[in-house]
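Report on one structure; see the data block that follows.
The values are calculated or read from the model by the stated rules, or taken from the named source; none is laboratory data. Just so it is clear, the structure is predicted and the values come from calculations on it, not from any experiment. Glycine gets a Cβ as well: all are built from the backbone with ideal geometry, and neighbour counts include every protein chain shown.
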Amino acid sequence: MDAETAYLFRHALLRDAAYQLQLPGERARLHALALASIEQTLAPLGQAALDAAAEDLAHHARQAALGRGQDDMAAKEAEYLWRAARHLERAFHIDRAVQLYERLAGHAHATELRKAEALQAAGAALATAGRLTLAEPWLVRARQAAEQCGAKNLAARSLCSLGLLLTQLGRSSEAEVALVAARPMVEASGDQELSWMLQHNEAILFHHLGRNSDAEAGSRRACAVATAVGESRWLAAALVTSGVICKHTGRLEEAERYYRQALDLCRQGRLPIQELSTRYNLFGLLVDSARYDEATAEFSAIMNLCAETGARRMEGLAIGNFAILRARLGFLDESYRLLMRSVSLAREAGNRVGEAASLGNLGCNSNTEGRFSDAERLLSEALEIHRQVQNRRFLGAHGAPRAVALLGLGRRAEAERQWREALSIIRSLPDPLLLQAQIQDMHEICRKYGLEPLPAEGE
């Protein structure tokens, strides 16, 4: 131990000893003095400086509240807990932020409204970080608390958040119930942000259900609300949703324009969460367009943003898409490892939609290698989840390769039934590029392994 370290250690010991010698009432008074001193020092520097110190200020207020005549300190602790949690959330320290929200939700001197807000904020933070199963109980409690204290707008916000979360969890029927319940509350509120949330989250649900016309109309309404208010964060999210719908209906150039426009907004506004979502979707488009060098560069940017924001769900999804890229380049062993990692992350986050996507893509790789028994097993497992979560697009996208696997196993009658069903779903979306890709993949595998192709028309 060098001399400076030894000095600091002795100083810390002496300081703690002096503190412990104080009577409890004097300790409380010292904390009150410390709180006042820090507030006085930081106040001229603005609210951001106080927010950065809010967790320490909450600690001093908590200790000061133990003294006589310091009842106001408990309420001050509650206020600083809120500010500290918000600050930590903005810095992507989600676990610590949720801990403080939880303390606030149970704080005896916090208002009932603030407690409900803390529950909502905790659920929203966990959902944004991709920890979907952890987020759900917080949002359910937030809705209940908001209704009990008569906070109708907060109850509507909780329902909108639940609608999106349940869509992401693959529980579409429950998601629709939540959003239907939110609609009259949102319309009565006149609140523009709630209106945007409802329109946008409905669009995502409709797209998940394969109702692309409804989804596109909803995303346009969400863009209109965001533009009218001048809120770039909302607009970026709605533009990405519009881009996804365009991509899945075969309009790749239009989709890319939406993504590029959203990316510009994210950079200008320094919006890392929205930038991550935008880059992820742009990455998928570049993979589908066989622009692999550009896609690889986007993947690197996505991984950096995932590390910055702690977005585990998005990390799993991006790794799954990168696995598709590597498979197309012929690196099937690497693709297998990436897809297994993607499945693991999806299960960790409770993302059944992502889990099923990666399981199905493992099956597609097995088809490519002629391992038809493995392919049929993996694709059947994926399709069962797709049915449970009502994901029509993937029922088509993974139903078609299952037909190829059945063909490879010599089960032609089953293969033809599965093929007709899958192509019927894809045509109903409609997604002409997906249809073309499935027919092309089927012909390539049949040619490679000497199989008689299935009818190209799916009839």
*Within the range 440-453, restricting attention to residues that are out of contact with any helix residue (DSSP H, G or I) (no Cβ under 8 Å at 6 or more places or on another chain) and not charged (D, E, K, R), which residue is surrounded by the fewest Cβ atoms within 10 Å (Cβ to Cβ)?*
450
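When you look at residue 315, is it acidic (Asp, Glu), in contact (Cβ under 8 Å) with a residue 12 or more places away in the chain, in the same structural domain as residue 245 (by TED's automatic domain parsing) and crowded, with 21+ Cβ neighbours inside 10 Å, yes or no? Show your work before the answer.
Details: acidic (Asp, Glu): yes; in contact (Cβ under 8 Å) with a residue 12 or more places away in the chain: yes; in the same structural domain as residue 245 (by TED's automatic domain parsing): no; crowded, with 21+ Cβ neighbours inside 10 Å: yes.
No: the conditions fail for residue 315.
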*Would you mention how many residues in the range 58-73 are at pLDDT below 80 and of a type in the set (A, V, I, L, M)?*
4
_If I filter the range 394-439 down to residues being touching a Phe, Trp or Tyr at 6+ places or on another chain (Cβ under 6 Å) and in a helix (DSSP H, G or I), which single residue comes out as surrounded by the fewest Cβ atoms within 10 Å (Cβ to Cβ)?_
408
*Would you say residue 330 is farther than 21 Å from residue 94 by Cα, out of contact with any strand residue (DSSP E or B) (no Cβ under 8 Å at 6 or more places or on another chain) and not in a helix (DSSP H, G or I)?*
yes
*Looking at (1) over 24 Å from residue 228 (Cβ atoms); (2) of a type in the set (Asp, Glu); (3) more than 22 Å from the chain's Cα centre (by Cα), which is the one condition that is false for residue 174?*
(3)
_Please go through (1) over 28 Å from the mean Cα position of the chain (by Cα); (2) under 27 Å from residue 175 (Cβ atoms); (3) modelled with pLDDT of 90 or more for residue 427 and return the number of the only condition it doesn't satisfy._
(3)
*Would you tally the residues in the range 295-327 being assigned to a helix (DSSP H, G or I) and closer than 14 Å to residue 276 by Cβ?*
21
*Sort out which residues of the range 222-233 are buried (at least 18 other Cβ atoms within 10 Å of the Cβ) and over 20 Å from residue 263 (Cβ atoms), and write them in order of number.*
225
_For the range 440-459, give me each residue that is on the phi < 0 side of the Ramachandran plot and either outside any helix (DSSP H, G or I) or in the same structural domain as residue 248 (by TED's automatic domain parsing) (or both)._
451, 452, 453, 454, 455, 456, 457, 459
